[in-house]
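The values are calculated or read from the model by the stated rules, or taken from the named source; none is laboratory data. The model shown is predicted, which means the values in this text are computed figures rather than measured ones. So basically every Cβ, Gly included, is an ideal-geometry build from the backbone, and we count neighbours across all protein chains shown.
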Amino acid sequence: MHAPSVLPEEDARPAQEPEVLAALEAEDGMKARDESLPTPDDYQRALDAQNGCNLSGIVHDFSRVVTRIWNESNKYGKGTEFVNRHPISLLYADKVANLAGVGQVSATAYEQALKVCEERAKKTELQQFVEETKKEGR
């Protein structure tokens, strides 16, 4: 004899607003998928991390943005190399290596990443969206 299911049939669940769905998924132990891209604040945080001295804090901060870097990579049909060489990734990698005492990113790559992060940190989200839209040819 089978125990009756506690969960309602899929068709029996009423349609929900996205916010309600996210809350229900969280209650069910599922994480709502973050599909956002890096923001100007993410670039600024990478710049701010260059003055950090707490390795675990730097790594934790980077872990918050790497999903958005992957979303950007996927959006443009790129892969691991795109994520690994992203300006935000390079700044965090350099800082982690420095704090761990194991070296640093090449000076040229670091300077280029620093310049890109400084430029993108100044842009509003609307400006960044307009530029991305132009690149895609919309």
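Structural remarks
- Within segment 96-109, restricting attention to residues that are assigned to a loop (DSSP other than H, G, I, E, B) and of a type in the set (A, V, I, L, M, F, W, C), the residue that is surrounded by the fewest Cβ atoms within 10 Å (Cβ to Cβ) is Val102.
- Segment 87-122 - residue that is among the charged types (D, E, K, R) and over 17 Å from the mean Cα position of the chain (by Cα) and, of those, modelled with the lowest pLDDT: Lys122
- Comparison of Glu10, Glu17 shows that the only residue that is at pLDDT 55 or above, surrounded by fewer than 11 Cβ atoms within 10 Å (Cβ to Cβ), out of contact with any Gly (no Cβ under 9 Å at 6 or more places or on another chain) and acidic (Asp, Glu) is Glu17.
Here's the yes/no breakdown for (1) out of contact with any helix residue (DSSP H, G or I) (no Cβ under 9 Å at 6 or more places or on another chain); (2) in a helix (DSSP H, G or I):
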| residue | (1), (2) |
| --- | --- |
| Pro38 | no, no |
| Asp42 | no, yes |
| Val66 | no, yes |
| Leu90 | no, yes |
| Asp94 | no, yes |
| Glu111 | yes, yes |
| Val116 | no, yes |
| Glu131 | yes, yes |
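- Summed over segment 45-59, the residues that are touching a Lys or Arg at 6+ places or on another chain (Cβ under 9 Å) and part of a helix (DSSP H, G or I) give a count of 5.
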